[in-house]
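Everything below concerns the one structure shown next.
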Amino acid sequence: MIEIEGILDLRDDGYGFLRVKGYSPSPNDCYVSIATVRRLGLRKGDVLKGAYRPAASNEKYPALQRIDTVHGYDPEVARLRPRFEDLTPLFPDEKLHLETLDGSKTDLTPRIVDLISPIGKGQRGLIVSPPKAGKTTVMKQIAQSIEKNNPEVHLMVLLVDERPEEVTDMRRSVNGEVIASTFDRPADEHTHIAELCIERAKRLVEMKKDVVIILDGITRLARAYNLASPATGRIMSGGVDSGALYPPKKFFGAARNIEEGGSLTILATALVETGSKMDEVIFEEFKGTGNMELKLDRRLAERRLYPAIDVNSSSTRHEELLFERNELAQIWKLRRVLVGLSAEGREAAGLELLIDKLKTTKSNAEFLAEIGKGPNPTT
């Protein structure tokens, strides 16, 4: 008997495989029988630790013989956990702090996101970006800030249809799980990895853990489902099969704050202004589903204003649950100033003003205190 640990990937027929090398199939995977799955109430995405016997000459895979732990718990204890679908979803009410209070003024992205579109535990956020607007950098900085300031959170970065060098860069920048399927892999591999990733996250939430998934991106995931899923015959404009949008919506819709404990936060990037009708249709389908939106502007990026965040279009629903009352009044005051500049036709001036003011202060608290002292804007 040989010790083994891996992620359970269940098939529709009831049996499964223990993936020992990340989330993708490998020759060292271990077969898990239907009887074992039913006896212990195992679910897709469970992390199992146990022992297996090597494959016989007439067998393709080694078979799992013993299970010691499920997610680090006794298998009998794990059987009693609730199902993700039965848990009660709530509005996010606990903020994930991105600002790093180490005295450095260089990293402005986390500070601006904290002010303009704060992220709570259980947030379902869209990072809307045209090409070459600094989307990957913003994602990386958000991931690093979550990791540094919220050590209790389990971070997962899912890269779908991504360039291989971007995957390496993300793995070297982030300590959390980086799950990737590069653009040279088939569409059904993209969808398979995404499904196993979200099931793994759900299993952690059932154990009352806080999980954050950063997905790059929802557009490419929807494109992969459009290629991989069987055709329904109902084609929308842009060549999108109507049935292909349900699985990515199910993925994105899993984000929620749980009343019983735990949360699943999903921040997904959506591509716009690509010139593709399909991308436009996909974005329109997802536009109203999130409860937080961070919009990047290519015109700001072309003027070399980084982070190129459109401060007027970016916002979070029910932000009053994430800010203290005095903070909220100061945030609204800041909003009125930024909207006033935008009304004068100076969209870039709002971001320039915000960046300049943040550079002169050491923290957002200091910045908001200065706003509180200033006169109320007339607009």
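The values are calculated or read from the model by the stated rules, or taken from the named source; none is laboratory data. Bear in mind the structure is a predicted one, so any value in this text is a computation, not a measurement. A quick note on method: Cβ atoms are made from the backbone with ideal geometry, for glycine too, and the neighbour counts reach across all protein chains shown.
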Point to revise | Within the range 12-69, considering residues that are closer than 21 Å to H192 by Cβ and of a type in the set (D, E), the one modelled with the highest pLDDT | key: D46
**Study point:** Extreme residue, nearest to F286 (Cα to Cα), among residues of the range 127-155 that are without any contact (Cβ under 8 Å) to a residue 60 or more places away in the chain and among the charged types (D, E, K, R)
**Key:** K140
Review point. Is at least one residue of the range 65-80 under 30 Å from L159 (Cα atoms), among the aromatic types (F, W, Y) and over 28 Å from the mean Cα position of the chain (by Cα)?
Key: no
Practice item. Restrict the check to the range 282-290 and report whether at least one residue is in a helix (DSSP H, G or I), in contact with a Ser or Thr (Cβ under 6 Å, 6 or more places away or on another chain) and in contact (Cβ under 8 Å) with a residue 24 or more places away in the chain. Key: yes
Review point. Out of all the residues in the range 305-312, is one or more under 14 Å from A133 (Cβ atoms), in contact with a Lys or Arg (Cβ under 9 Å, 6 or more places away or on another chain), loosely packed, with under 15 Cβ neighbours inside 10 Å and not polar (S, T, N, Q)?
Key: no
Review point. Among the residues of the range 107-147 satisfying the criterion of being charged (D, E, K, R) and touching a Ser or Thr at 6+ places or on another chain (Cβ under 6 Å), which is surrounded by the fewest Cβ atoms within 10 Å (Cβ to Cβ)?
Key: K140
Practice item. List the number of the failed condition for E260; all other conditions in (1) within 22 Å of P110 (Cα to Cα); (2) in a loop (DSSP other than H, G, I, E, B); (3) not aromatic (F, W, Y) hold. Key: (1)
Point to revise | Filter result for the condition that a residue is of a type in the set (D, E, K, R) and free of Cβ contacts under 8 Å to residues at least 12 places away in the same chain, over R317, R335 | key: R335
**Study point:** Lone unmet requirement of (1) in a strand (DSSP E or B); (2) out of contact with any helix residue (DSSP H, G or I) (no Cβ under 9 Å at 6 or more places or on another chain); (3) of a type in the set (G, A, S) for G275
**Key:** (1)
**Study point:** Residue count, the range 182-235 (criterion: part of a strand (DSSP E or B) and at pLDDT below 95)
**Key:** 2
Exercise for review: Among what's in the range 350-379 and is among the polar types (S, T, N, Q) and assigned to a loop (DSSP other than H, G, I, E, B), pick the residue that is modelled with the lowest pLDDT.
Suggested key: T379
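Do we find that E199 is surrounded by 17 or more Cβ atoms within 10 Å (Cβ to Cβ), of a type outside the set (S, T, Y) and in contact (Cβ under 8 Å) with a residue 40 or more places away in the chain in this structure?
Numbers: surrounded by 17 or more Cβ atoms within 10 Å (Cβ to Cβ): yes; of a type outside the set (S, T, Y): yes; in contact (Cβ under 8 Å) with a residue 40 or more places away in the chain: yes.
Here the answer is yes, as E199 does meet what is asked.
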**Study point:** When residues of the range 291-316 are limited to those that are assigned to a loop (DSSP other than H, G, I, E, B) and touching a Pro at 6+ places or on another chain (Cβ under 9 Å), the one farthest from K250 (Cα to Cα)
**Key:** D297
Review point. Which of (1) under 23 Å from the mean Cα position of the chain (by Cα); (2) part of a loop (DSSP other than H, G, I, E, B); (3) not aromatic (F, W, Y) does G14 not meet, given it meets every other one?
Key: (1)
Review point. Can you name the residue in the range 218-268 that is without any contact (Cβ under 8 Å) to a residue 40 or more places away in the chain and of a type in the set (G, A, S) and, of all such residues, is surrounded by the fewest Cβ atoms within 10 Å (Cβ to Cβ)?
Key: G233
Check your understanding: Of the conditions (1) of a type outside the set (G, A, S); (2) within 27 Å of P92 (Cβ to Cβ); (3) buried (at least 20 other Cβ atoms within 10 Å of the Cβ), L358 fails just one. Which one is it?
Key -> (3)
Study note, to complete from the structure: Log entry, pairs with first residue in the range 64-82 being on the phi > 0 side of the Ramachandran plot and in contact (Cβ under 8 Å) with a residue 24 or more places away in the chain, second being β-branched (V, I, T) and not in a loop (DSSP other than H, G, I, E, B), beta carbons closer than 7 Å, six or more apart or on different chains, reads H71/V47
Point to revise | Evaluation of Q123 against (1) modelled with pLDDT of 95 or more; (2) closer than 21 Å to I355 by Cα; (3) among the polar types (S, T, N, Q) (one fails), failing number | key: (2)
Revision key, fill the gap. Of the residues in the range 29-57, those that are surrounded by 14 or more Cβ atoms within 10 Å (Cβ to Cβ), without any contact (Cβ under 8 Å) to a residue 60 or more places away in the chain, part of a loop (DSSP other than H, G, I, E, B) and not small (G, A, S) number 2
